[in-house]
């Protein structure tokens, strides 16, 4: 059996690993609000003003929300966002993968493979959160791997009779 060394993902509709994209459509509850996607929950923390947040959340798709949020003027962005955003993303990812057992099982099923958000358009945002042509910080992939390790550690503490079966990971493939 060949061990998978790396898993590349980008588009939310790619099976089975598109679920790792923040644009993957799955409701999550975060800070008392239900959001359509992890991208929505993440970007809701960026605007300084409620009116700008509402405008972003009204975007017709998660991709358009992301594009609009990346284009905000600095005076519309929460002070300290460049530092706060990483903690927020970690918390959003934790919410997404702890609220949905099928997504959690798929993440855990990746073992110790390197997870890489593999973008095709070369820009600073894509090189921060992922890689373009093998170049970038891959922060999303790194955070997913950290979360995977945390979830695996927690799962190892659960009594065997209370663990979820691997078969639930197969249900993601049908999505």
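Remarks
- Residues in the stretch 134-157 that are outside any helix (DSSP H, G or I) and under 13 Å from residue 8 (Cα atoms): 134, 138.
- Selection over the stretch 40-49 of residues that are out of contact with any helix residue (DSSP H, G or I) (no Cβ under 6 Å at 6 or more places or on another chain) and in a strand (DSSP E or B) gives a count of 0.
- When the residues of the stretch 50-66 are filtered to those that are assigned to a loop (DSSP other than H, G, I, E, B) and surrounded by 12 or more Cβ atoms within 10 Å (Cβ to Cβ), the one that is nearest to the chain's Cα centre (by Cα) is 61.
- Residue 34 being surrounded by 17 or more Cβ atoms within 10 Å (Cβ to Cβ), farther than 25 Å from residue 114 by Cβ and modelled with pLDDT of 95 or more: no
- Screening 26, 48, 94 for residues that are closer than 30 Å to residue 3 by Cβ, at pLDDT 95 or above and in contact with a strand residue (DSSP E or B) (Cβ under 9 Å, 6 or more places away or on another chain) leaves exactly one candidate, 26.
The values are calculated or read from the model by the stated rules, or taken from the named source; none is laboratory data. These numbers were taken from a predicted model, which means no experiment stands behind them. Positions of Cβ are generated from backbone atoms using ideal geometry, with glycine treated the same way; all protein chains shown enter the neighbour counts.
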